[in-house]
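Remarks on the structure that follows.
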Amino acid sequence: MHELGIVTHVAKTLDELAEENHITKIGSVTLQVGEVSGIMTDYFTDCWNYFRVKHPILKEAELRIETIPAITFCEDCRQEYETVKYAKICPYCKSEHTYLVQGNECTIKEIEAETEEES
């Protein structure tokens, strides 16, 4: 279960952003998670809920997850197609000369936060 490690990394990144930007409270975090990233979103949410209780700046932060569809590109016919539906073999020309274009990433898309009042 690598989800807890990813949650820890995200929390560290949010801590750094909070310090740099004088953030006092994070209300929500929107993550974009690739369809074939290997991240189990249910486990990820469970890890988030466990971790945020122990992490002051995230205590009230809601986690929002958006799925990024997996897209593969065929080098032979230059077409893109749905990775999950067709896997490595191009549905247009049956070539195996393909590679993943998107769908294996995990990115912080948006953070809703409050900052310190400047005097």
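The values are calculated or read from the model by the stated rules, or taken from the named source; none is laboratory data. Everything quoted here is computed from the prediction, not taken from an experiment. When we count neighbours, we look across all protein chains shown, and the Cβ atoms used for this are built from the backbone with ideal geometry, even at glycine. Accessible surface areas use protein heavy atoms only, side chains included; no ligands, DNA or RNA. Shrake-Rupley method; radii C 1.70, N 1.55, O 1.52, S 1.80 Å.
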Flag for Ile6 being open to solvent by less than 30 Å² (accessible area, probe 1.4 Å), touching a residue at least 60 places away in the same chain (Cβ under 8 Å), over 23 Å from Glu114 (Cα atoms) and under 13 Å from the mean Cα position of the chain (by Cα): no
So is Ile68 in contact (Cβ under 8 Å) with a residue 24 or more places away in the chain, under 24 Å from the mean Cα position of the chain (by Cα) and under 21 Å from Glu16 (Cβ atoms) or not? no
Could you give me the residue pairs with C-beta distances under 9 Å whose first residue belongs to the range 33-62 and is on the phi > 0 side of the Ramachandran plot, whose second residue is at pLDDT below 95 wherever it lies, and which are 6+ apart or on separate chains? Gly38/His2
Looking only at strands (runs of 3 or more DSSP E) that fall completely inside the range 55-96, which ones have 2 or more residues that are of a type outside the set (Asp, Glu) and surrounded by 13 or more Cβ atoms within 10 Å (Cβ to Cβ)? 62-68, 71-74
Any idea how many residues of the range 1-38 are within 18 Å of Arg64 (Cβ to Cβ) and part of a strand (DSSP E or B)? 11
Residue check: is Glu75 under 22 Å from the mean Cα position of the chain (by Cα) and charged (D, E, K, R)? no
One residue is enough: does the range 42-51 have a residue meeting the conditions part of a loop (DSSP other than H, G, I, E, B) and either of a type outside the set (Phe, Trp, Tyr) or modelled with pLDDT under 95 (or both)? no
How many residues, within the range 9-54, are touching a Leu at 6+ places or on another chain (Cβ under 7 Å), buried (at least 17 other Cβ atoms within 10 Å of the Cβ) and of a type in the set (Ser, Thr, Tyr)? 0
